[in-house]
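The values are calculated or read from the model by the stated rules, or taken from the named source; none is laboratory data. Note that the structure is predicted; figures quoted are calculated from it, not measured. We place every Cβ from the backbone using ideal geometry, glycine too, and count neighbours over all the protein chains shown. Side chains included, ligands, DNA and RNA excluded: accessible areas come from the protein's heavy atoms. Shrake-Rupley method; radii C 1.70, N 1.55, O 1.52, S 1.80 Å.
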Amino acid sequence: MTQEPCIRLRGVTKTFGSGAEAKQAVGGLDLDIGTGEIVALLGPNGAGKTTTLDMVLGFTEPTSGTIEVFGQSPIGAVRAGRVSAVLQTGGLLRDLKVAETIELVASIHDAPLRTAEVIERAGLEAIANNKVQTCSGGEQQRLRFALALLADPDLLILDEPTAGMDVQARHDFWTAMRAEADRGRTIVFATHYLQEAEDFAERTVLVANGRLVADGPTEQVRRRAAGRRLAARFGADAIESAASTLQALPQAFHFERQGDRLIVESADSDDIARLVLGDLGGFDLEIEPASLERAFIQLTADSDIDHDLTEHDATNQTAGSPS
Amino acid sequence: MNTTYYRLELRRLRRDPVTLFFTVGLPAFFYLIFGAQPEYADDAVRDGNVAMWIMIAMAGYGAMTATTGIGGAAALERMQGWSRQLGLTPLRDHEYVGIKAATAVTVAAIPIAFVFAIGAVTGARAPLHVWAFSALALILGATIFALYGLSFGLAFRSEAAVSAAGGSLVVLSFLGNIFIPLTGWQLTLAKFTPLYGYISLARRALTGGATLDPNTGDLIDEPLWQVLANVSFWTIFLGVLATWLVRRGRGRQ
């Protein structure tokens, strides 16, 4: 899939503030995204997704490291109309009408698409003469999408594009986006919904605490991140052998022991449940989805060599990346 | 210049007739009360009269209110993410400022034209070149207050701050020597405030560089450099401040 490099990040860090109050939002990111790829930037809130995208769009400068977009500086790529973005919230003038907003932004661009075409592609025909302030969240997001299309960009960046949308609006939005992807646009979007990455992205880049945790085909990343957590109790006579069996399971990516309870996290929960209740003699079985946050913590712990982290430590560890 | 953007900016202002009514109506009302009514209205000020002297100040008051509002609204829209939207386009900061400045000048012209028109039919009197010079000085000088509103909004980052900027204009008006004629130390202090320099410059063609002593009705000389220093200082100071605040606000919001 990767042909001409479209986004290239090397050793990118971003620190806000200075001295004792300095907070590192991005801590050394290397990333290549090729032309034509559809990539999800997946991570919990505060993972550094927005900061990373802001740097790619030239809104902020990295503290260190380099960013190239189509071989030039981010600001250069934006001014050349090769990159555009659907911003998270705000960014609209409430007293303008939908069509006027498009007309205004079109007037700034050097070679914009026709207003009528953009209105149609974003599905705004019915509300073109409504004032922005009367539009719903989903309609405003479609307007932001229309504005992003005006420059006819090769790269489209979406920062949490469906935040605050209802199910139908979300569905419509991704349908429109798929049409843009089919036109050969490169699309990079930030989300904290695993489902969105799964439905739409071929490749998923997992970030947590400003670091890259996993990067690969979405299906692979999903299998790691979408685990279930199984907990069961065992009698004193059974627990030792059950513990050693479960710990040795290849499909379990996390194991821990809390008194008479054994906890396993795995993507393959059915087989393990059968095993626990059958041969191993477990009882009081509980199965719940492992939260994405926990999967991130898990993956973060995995990616650093420290496998001895207990669940408790990992949860409390705000930095998430030991040592 | 980008005429589409400029045209849409004016259309946005038309959608807010209440604000427009007050920026035009209030100074006209003030002029009729303070300028056209009193018995001294037709007293001579060089080749003109007192009504003219007051009319210039009231037109300036309207221009100041209008442009401060434009600057404040610009600050608000930037803070609400519009600057990020514009950051996705080739538009440069100075082009944005240019469009806003053109909008402000256009809007400043409305109360000035209206008050001047009322003045012309209610007894304000001066040679033609005095009318022309004062109108021009009022229009261009109004930039100071567009920058004032912009800086206020960007510095304090809230809708309340923009209202506060509007409220502060009342204080500036008194110090600008346009409602109650000041004397003594109050007049000395006033000479350092922006509205004072702005109005003094606009009145210059009428007064020939003097201010009216309210106790005696005599003219007190005022060197040209003082007025120019005042206007230049506030223009440059507020311009630099606004530019710095725009840059500061560009990051994450």
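The single condition among (1) open to solvent by 10 Å² or more (accessible area, probe 1.4 Å); (2) touching an Asp or Glu at 6+ places or on another chain (Cβ under 8 Å) that residue B:95 does not satisfy is (2).
In summary, residue A:100 fulfils each of the numbered conditions (1) closer than 19 Å to residue B:3 by Cβ; (2) modelled with pLDDT under 95; (3) of a type outside the set (A, V, I, L, M, F, W, C) with the single exception of condition (2). Is it the case that residue B:88 is within 11 Å of another protein chain (Cβ to nearest Cβ) and open to solvent by less than 20 Å² (accessible area, probe 1.4 Å)? When the stated conditions are applied, residue B:88 passes them. Against the list (1) open to solvent by 50 Å² or more (accessible area, probe 1.4 Å); (2) free of Cβ contacts under 8 Å to residues at least 12 places away in the same chain, the condition residue A:104 fails is (1). Yes or no: residue B:200 modelled with pLDDT of 90 or more, in contact with an Asp or Glu (Cβ under 9 Å, 6 or more places away or on another chain) and not charged (D, E, K, R)? Considered against the rule, which asks whether it is modelled with pLDDT of 90 or more, in contact with an Asp or Glu (Cβ under 9 Å, 6 or more places away or on another chain) and not charged (D, E, K, R), residue B:200 comes out as yes. Within segment A:148-172, take every residue that is in contact with a Lys or Arg (Cβ under 7 Å, 6 or more places away or on another chain) and surrounded by 21 or more Cβ atoms within 10 Å (Cβ to Cβ) and give me the one that is nearest to the other protein chains (Cβ to nearest Cβ). Residue satisfying both the conditions and the ranking: A:153.
Annotation: residue B:156 fulfils all but one of (1) modelled with pLDDT under 85; (2) open to solvent by less than 10 Å² (accessible area, probe 1.4 Å); (3) closer than 19 Å to residue B:73 by Cα; the unmet one is (2). Of the residues making up segment A:131-179, those that are part of a loop (DSSP other than H, G, I, E, B), more than 26 Å from residue A:35 (Cα to Cα) and among the hydroxyl-bearing types (Ser, Thr, Tyr) number 1.
Considering A:251, A:220, the condition of being in contact with a Ser or Thr (Cβ under 9 Å, 6 or more places away or on another chain), free of Cβ contacts under 8 Å to residues at least 24 places away in the same chain, among the polar types (S, T, N, Q) and farther than 25 Å from residue A:46 by Cβ is satisfied by A:251 alone. Restricting segment A:270-282 to residues that are part of a helix (DSSP H, G or I) and either farther than 13 Å from residue A:249 by Cα or basic (Lys, Arg) (or both) leaves a set whose member that is most open to solvent (accessible area, probe 1.4 Å) is A:274. Considering segment A:116-136, the residues that are under 31 Å from the mean Cα position of the chain (by Cα) and polar (S, T, N, Q) include one that is least open to solvent (accessible area, probe 1.4 Å), namely A:136. You will find that of B:58, B:79, the residue that is in contact with a Lys or Arg (Cβ under 6 Å, 6 or more places away or on another chain) and assigned to a helix (DSSP H, G or I) is B:79 and no other. With the structure loaded, tell me whether residue B:11 is among the charged types (D, E, K, R), away from every other protein chain (no Cβ under 14 Å) and open to solvent by 20 Å² or more (accessible area, probe 1.4 Å) or whether it fails that test. Judged against the criteria, residue B:11 is not a match.
May I ask you to verify whether residue B:120 is surrounded by fewer than 17 Cβ atoms within 10 Å (Cβ to Cβ) and part of a helix (DSSP H, G or I)? Answer is yes for this residue.
Just to be sure before I move on: is residue B:18 under 23 Å from the mean Cα position of the chain (by Cα) and without any contact (Cβ under 8 Å) to a residue 40 or more places away in the chain in the structure I sent?
yes
Of all residues in segment B:163-210, those being assigned to a loop (DSSP other than H, G, I, E, B) and either within 16 Å of residue B:62 (Cβ to Cβ) or aromatic (Phe, Trp, Tyr) (or both) number 4. One residue alone among A:88, A:140 is farther than 21 Å from residue B:91 by Cα and not aliphatic (A, V, I, L, M), and that residue is A:140. Residue count for segment B:20-55, restricted to those that are within 14 Å of another protein chain (Cβ to nearest Cβ) and touching a Ser or Thr at 6+ places or on another chain (Cβ under 9 Å): 0.
Taking residue B:103 as the residue in question, decide whether it is open to solvent by 10 Å² or more (accessible area, probe 1.4 Å), touching a residue at least 40 places away in the same chain (Cβ under 8 Å) and in contact with a Leu (Cβ under 8 Å, 6 or more places away or on another chain). No. Scanning segment A:51-63 for residues being open to solvent by 10 Å² or more (accessible area, probe 1.4 Å) and either free of Cβ contacts under 8 Å to residues at least 12 places away in the same chain or touching a Lys or Arg at 6+ places or on another chain (Cβ under 7 Å) (or both) gives a total of 5. Candidates in segment A:182-194 are the residues that are over 27 Å from residue A:285 (Cα atoms) and at pLDDT below 85; of these, the one that is surrounded by the most Cβ atoms within 10 Å (Cβ to Cβ) is A:192.
Results for (1) at pLDDT 90 or above; (2) not aliphatic (A, V, I, L, M), shown as yes or no for each residue.
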position: A:34; (1), (2): yes, yes
position: A:53; (1), (2): yes, no
position: A:71; (1), (2): yes, yes
position: A:84; (1), (2): yes, yes
position: A:87; (1), (2): no, no
position: A:95; (1), (2): yes, yes
position: A:107; (1), (2): yes, yes
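Considering (1) modelled with pLDDT under 95; (2) away from chain A (no Cβ under 14 Å), say which one residue B:77 fails and leave the rest. For residue B:77, the failing item is (2). So which residues in segment A:64-91 are hydrophobic (A, V, I, L, M, F, W, C) and free of Cβ contacts under 8 Å to residues at least 40 places away in the same chain, if there are any at all? Answer for segment A:64-91, where residues must be hydrophobic (A, V, I, L, M, F, W, C) and free of Cβ contacts under 8 Å to residues at least 40 places away in the same chain: A:75, A:78, A:80. Looking across segment A:75-95, the residues that are open to solvent by less than 60 Å² (accessible area, probe 1.4 Å), under 26 Å from residue B:76 (Cα atoms) and of a type outside the set (A, V, I, L, M, F, W, C) come down to A:84, A:90, A:91, A:95.
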